[in-house]
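Novice: This structure is in structure tokens; I'll ask about it shortly.
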Amino acid sequence: MIPLLLSLALGLALFFLLYRLARRSRVPAEGSAYQFVEARGSLHALQRELLPRDFIDRLFDRRDLEFVSAQAPADVRQLFLTERKRISILWVQRVRSEILKLMQFHRGHSRFHSKISVLTEIRLAADFAALLIICRMLEAIFYFRGPYAAPHLVDSAAATAARLCTVSEKSLAFLNAPALRAVAGESPRGSATI
Amino acid sequence: MHFQLVGLILWWVGLLLEAVILARMLFTRNFKNYPVFYLYILCVFLISSGLYLLYWKTGNLVVYGKWYWPTQLLTLVIGYGVILDFARRSLAAYPGADRFVRAVGLSIFLCIFSMVVLHLGFTRSWSQEALYSDLEKVLRAVEALFLIGTLSVLSYYGISIGKSLTGIALGMGIYVSASLTLLALTKFIGPRFYPAWELLQSGSYFAALVIWTTALWSDDSTPSPPNSSGPGNYDDLAGRTRADLKSLRDYFGSGARS
């Protein structure tokens, strides 16, 4: 029975991939200069705006709720919770969207590299997949149970996202060329050297 | 009787389609693009015609059966070549993805090969037919796994392949997955499944031939990769920016003079 099930599973998996291959429309151009710049923007947004530890602590700190509960009437508490839930959902959606852009950049970039490490690629693919799933889960949890329902999952998402940012940062390192800093340094404050 | 007639019709039409594919190859000169695939079709055509002549002359299914399994293994081995050639051609412009597929393919082969050797070591009582049938099942499983690996990499990295390569993969994939599933079902259900197995096996191969005929009707080479990545391309962006800055400088310079 087990060999039969294995064979059926293999056959079905192959059919599914063939279906995807047959249905695939034109693949967008990847690895273009525009993508490098977009990926740099995503990395910046994640590292500077969405993932800093103090920002995440602030957003998911229960003490805010306790303070509002102690100081304000129930309807203000409800309003606070609604707003915090909305911000949490926006946060996780934004993290997911930026991570998707980074993933797209990574896939477009690494397929050309002849010296990629197969294990690293598998680990990265697993990390990207896990993070995207966690983001979807967080979105559902925030929606149904509020922003304070899964603090460990938030930490886990932030840690994985930070790890992926570090890897992507290495791929984009050449955009921080010293020559660019030198040009920036020539400009006096309040004007630009052209 | 009904099954036999349908099977026979599929056999004739299959031979005709193989001849059409080979004739189109001469017309489009596509042989240089996909030599392994056309070698496969030529071998299948010759073996299939030979088996048909044998069946027609002797009218004996036992004689036919005696030749069926060894020739089936021969085409299976060339089929491997087709899948490897497909992987090589579709990933030729992407060394990273190619390296990934090769590593995965080698691991799959080593894994299955070790399993077969272990199995042979423990059970030494295989009849010749059971040996061929089991060997075909194992080899089909390896083919399926390798195709799954290659298609997954193509899908993950968003690599676009041409119409002909897509057709080759679709046809081969349908035939391999159908063969694998049907062989497992034959082993599970037993001899009463043989007539249905013969028909479905021929049907899946016929479907593959229709796809190949359509996909390879005209010459279509693999598209070149989209904008190649890396600093070279960034240089284009930097060059364009430099040109824009120069025109700005000229503009402001002329403004200051006037």
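Novice: Could you check the spin-label model distance between B:F109 and A:S117? Points 7 Å from the Cα along Cα→Cβ, value in nm.
Specialist: Each label point is offset 7 Å from its Cα along the Cβ direction, giving 2.5 nm.
Novice: Moving on to the next point. For A:F55, A:F112, which order do you get if you count the other beta carbons within 10 Å of each Cβ and list the fewest first?
Specialist: Final ranking by Cβ density, sparse to dense: A:F55, A:F112.
Novice: Percent of alpha carbon pairs in the range A:33-73 separated by more than 11 Å?
Specialist: Percent of Cα pairs beyond 11 Å in the range A:33-73: 70.
Novice: Also, quick follow-up: For each of B:I108, B:I168, B:I189, count neighbouring Cβ atoms within 10 Å of the residue's Cβ, then give the residues from fewest to most.
Specialist: So the residues, fewest neighbours to most, are B:I189, B:I108, B:I168.
Novice: Using the basic label-point model (7 angstrom from Cα toward the beta carbon), what is the A:L100 to A:Q78 distance in nanometres?
Specialist: So the two model labels end up 3.4 nm from each other.
Novice: Here is a further query. How big is the Cα convex hull of the range B:1-69 in projection, averaged over all directions, in nm²?
Specialist: Mean orientational projected area (the range B:1-69, Cα hull): 5.2 nm².
Novice: Work out how much length B:Y80 to B:V6 would gain on full extension: take 0.36 nm times their residue separation and subtract the Cα-Cα distance, in nm to one decimal.
Specialist: 23.8 nm
Novice: Could you give me D for the range B:12-151, from Stokes-Einstein at 10 °C and 1.306 mPa s, where the hydrodynamic radius is the Kirkwood radius over C-alpha pairs? Units µm² s⁻¹, please.
Specialist: It comes out at roughly 92 µm²/s.
Novice: Do any of B:K32/B:K137; B:K32/B:K163; B:K66/B:K187; B:K66/B:K137 go past 24 Å between their Cα atoms, and which?
Specialist: Violating the 24 Å limit, Cα to Cα: B:K32/B:K137.
Novice: What trypsin sites (Lys or Arg not before Pro) in the range A:87-170 are in a loop by DSSP, with at most 11 other Cβ atoms within 10 Å of the Cβ?
Specialist: Answer by residue number: A:K115.
Novice: What nm distance separates the two modelled labels at B:A196 and A:T166, each placed 7 Å from Cα along Cα→Cβ?
Specialist: Label-label distance for B:A196 and A:T166, simple model: 5.6 nm.
Novice: Binning at 10 angstrom from zero up to the longest distance, how are the C-alpha pair distances of the range A:33-172 distributed in percent?
Specialist: For the range A:33-172, the binned pair fractions read 11, 39, 28, 14, 6, 2, 0 percent.
Novice: Just rank A:I89, A:I99, fewest to most, by other beta-carbon atoms within 10 angstrom.
Specialist: Neighbour counts put them in this order, fewest first: A:I89, A:I99.
Novice: Subtracting the Cα-Cα distance from 0.36 nm times the residue separation, let me have the gained length for B:S218 to B:L16 in nm, one decimal.
Specialist: Length difference between fully extended and current span is 70.9 nm.
Novice: Over the alpha-carbon set of the range A:1-114, divide Rg by the Kirkwood Rh and report the Rg/Rh ratio to two decimals.
Specialist: 1.22
Novice: Under 20 Å from the Cα of A:K170, which lysines turn up, not counting those fewer than eight places away in the same chain?
Specialist: A:K101, A:K115
No value in this document is a laboratory result; all are computed from the given coordinates. Predicted model, so just to flag it, every value in this text is computed and none were measured. A quick note on method: Cβ atoms are made from the backbone with ideal geometry, for glycine too, and the neighbour counts reach across all protein chains shown.
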